[in-house]
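The values are calculated or read from the model by the stated rules, or taken from the named source; none is laboratory data. This is a predicted model, so every value here is computed, not measured. For neighbour counting, all protein chains shown are included, and Cβ atoms are generated from backbone atoms with ideal geometry for every residue, glycine included. Surface areas here come from the heavy atoms of the whole protein model, side chains and all, with no ligands, DNA or RNA. Shrake-Rupley method; radii C 1.70, N 1.55, O 1.52, S 1.80 Å.
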Amino acid sequence: MPAYSGLEQYLIRQGLLDETRMDRAKSEAAKGGTSVVHVISQLGFAPAEKVYQALADFCEMRFVLPSKMDIPPELIAKVPARFATHYGFVPIQERNGVLVVAISEPLNAQLLDDIRLVLKRRVEAVVTTPQEIGRVTRDLYGVGADTMEKILINADGMEGVVNLEGMQVSSDLGDDSIDASIIKFVNELILEAIQSDTTDIHIEPFEESLRVRYRIDGILHQAPTPPSIRGFHAAIVSRIKIMANLNIAEKRLPQDGKILASFSDAHYDLRVSILPTPHGESVNIRILSRTSMAMTLDQLGFLPEDMEIFSRLISKPHGIILVTGPTGSGKTTTLYAALAKLNQVDRKIITIEDPIEYQLAGISQMQVQPKIGFDFALGLRSMLRHDPDIMLVGEIRDHETAEMAIRSSLTGHLVLSTLHTNDSAGAVTRLVDMGIEPFLISSTMIASIAQRLVRRICAHCGAPHEPDTVVLRHEFGIGPEHMKGGNFRMGAGCDECRHTGYRGRLATYEILAFTDQIKEMTVQRANALEIKRVAVRNGMKTLRASGWQRIYSGDTTLEEVLRVTADSEVIGFELEAGHAPVPV
């Protein structure tokens, strides 16, 4: 029987893990040079809170969760971020002149002595998890706060580099240590975004502040950053420009670039857009994961009956299929998934995009170059000479592109594209507005698919919940008789979902197939509302009906579906047509 330390025996007696798992944890800890306690929670043998609670009990110390405590701002001001980050602690309170700090390594006797030495004061320790320390340090001090402090210390007294009163930093930093710190800060900003499943980073300068926001699951969240970041705005933008191969001297014109990044085994394309504003350049970084862009139709969240309809539509030999919706609704991802299914040796597939968001093996892809006159219309004309079976046009934006797409489908090609409209029926009126004759639309359109992304209820904190029946009746036409057997849930909010109650997203669809009746209405120039009414009477599920099925099955909430379908002009169609949404 292997020899266990007192702590290891205690953890086994507490029932947190058995001897087999303890042996594995000890082996992994020895390989990585870390503590057994850390490895136990890292491997998922026991929840981190329970493991560190047991560690605190073993050391006869108090266990706390700093994220649930009200930590005074004046206390944070007394402890520099670089010390808190380096030594791995969080100041939580001050009692009778003694500073109470939360640590995750109570068995490290030297740690407390070091903290006392650098802070030059009496210190008392309590125990928490490493995750709590990382999270609270970031929330209290901001992302990269320790790096900002080091820059200020290194730059203090260096004429021409930093003006501490105005907090202005030259874009051409003349000091290697400051350059290295800016590089580190930008890397931390991007890494934090990737780890948080962020899709966009917004760096926005204002007169007296610099705001950094992350878009997570479609919602913007302000990232905590140190106040001193405003003074380093020019340096941060210059670093991002260098990474994206942009002109750092040009500050008057918009610029676009691209950064390739890797984190662990994942690869990311970072699309950088720079805009000039009165207070400096505003930066947007779109984070595209090559893994998420390579999703299959099964992974998108199609319901079984929708999958069957969609698969049948994309198998047509010629015609146009449009995916509609606002920016960020996953239209391109859906089209990529469709191409992946259609990508066969006996089919020639060509795409024209702006930009190419994901490299697809076996498919010829082109990127438009407006600066040299290479636009969608010119690309479409060139594509036809290569005799493709399937063509993807990134977006139909104008009459010329729409006309070329229509004529391509008339000559025996399957054309996939996107269009900015609120719903599926709106695609018809949008094309007519672009100058396309209704008879051409009716001759070529296979289907128009409206798409939205709703946030998924967090798997860790989701719990049973009763939705508002009044809202369901008014907005969805849903009565109590349709709610029986529903798995209604809502997230309470936890660390895994950043206390939002949601983690991840799934798609909802409204598939308008162009039947003979819809084609006839198109030729007669019927408006979008009339087309939608007829489609619903014939069995089409609206976005809200699709959303109701997701609510019923416990994937998302009533509030979330209402948020993403707020632009829907159709209320109570299902009741009017006698087709209440059918639960799945």
Carbon + sulfur, % of accessible area of the chain - ligands and nucleic acids excluded, 1.4 Å
50 percent
Taking the highest mean first, how do the peptides 205-213, 548-556 order by number of other beta carbon atoms within 10 angstrom per residue?
548-556, 205-213
Proximal lysines to K78, defined as alpha-carbon separation beneath 26 angstrom and excluding residues fewer than eight positions away on the same chain:
K68, K120, K150, K184
Mind listing the phi-derived Karplus ³J(HN,Hα) values for region 35-47, rounded to whole Hz, using 6.51, -1.76 and 1.60 with θ = phi - 60°, and x for any glycine or proline?
7, 4, 4, 5, 5, 4, 6, 5, 7, x, 5, 7, x
Before rounding to the nearest 500, sum -39500 (n - 2.57) across all DSSP H runs of length at least 4 in the chain and divide by the residue total; then give [θ] at 222 nm in deg cm²/dmol.
-11000 deg cm²/dmol
Dividing the alpha-carbon radius of gyration of region 1-115 by 2.2 N^0.38 Å, where N counts its residues, gives 1.20
Could you estimate the translational diffusion coefficient of region 11-69 from the Stokes-Einstein equation, with Rh from the Kirkwood formula over C-alpha pairs, at 25 °C and 0.890 mPa s, in whole µm²/s?
205 µm²/s
What is the antiparallel percent of DSSP beta bridges lying wholly in the chain, to the nearest 5?
65 percent
From zero up to wherever the largest Cα-Cα distance of the chain sits, split into 10 Å bins and tell me the percent of pairs in each.
3, 14, 20, 21, 19, 13, 7, 2, 0
Mind checking which lysines have their C-alpha under 16 Å from K251, skipping anything on the same chain fewer than 8 residues away?
K241
What residues have an amide H closer than 5 Å to that of Q93, excluding those fewer than 5 places away on the same chain, when H is modeled at 1.01 Å from N in the peptide plane?
V100
For a bin width of 10 Å, list the pair-distance distribution of region 249-295 built from all Cα-Cα distances, rounded to whole %.
25, 41, 22, 11, 0
Counting only heavy atoms of the protein chains, get the accessible area per residue of the chain (1.4 Å probe) and round it to a whole Å² value.
47 Å²
If you fit an axis through the alpha-carbon atoms of helix 304-314 and take the longest principal axis of the Cα set of the chain, what angle between them do you get, 0 to 90°, nearest 10?
60 degrees
Students often forget the sequence filter, so: which aspartates and glutamates lie under 16 Å Cα-Cα from K371 once same-chain residues fewer than 8 apart are removed?
D256, E353, D354
Just the isolated ones, please: cysteines in the chain lacking another cysteine beta carbon under 4.7 angstrom.
C59
Yeah, region 376-507 with a ≥ b ≥ c from its alpha-carbon gyration tensor (a/c under 1.5 is rounded, else prolate when a/b outruns b/c, oblate otherwise) is prolate
For the chain, longest principal axis from Cα atoms; helix 48-58 axis from its Cα atoms; angle between them, nearest 10 degrees, is 10 degrees
If contacts are Cα pairs under 8 angstrom and at least 6 residues apart, what is the relative contact order of region 342-395 in percent?
46 percent
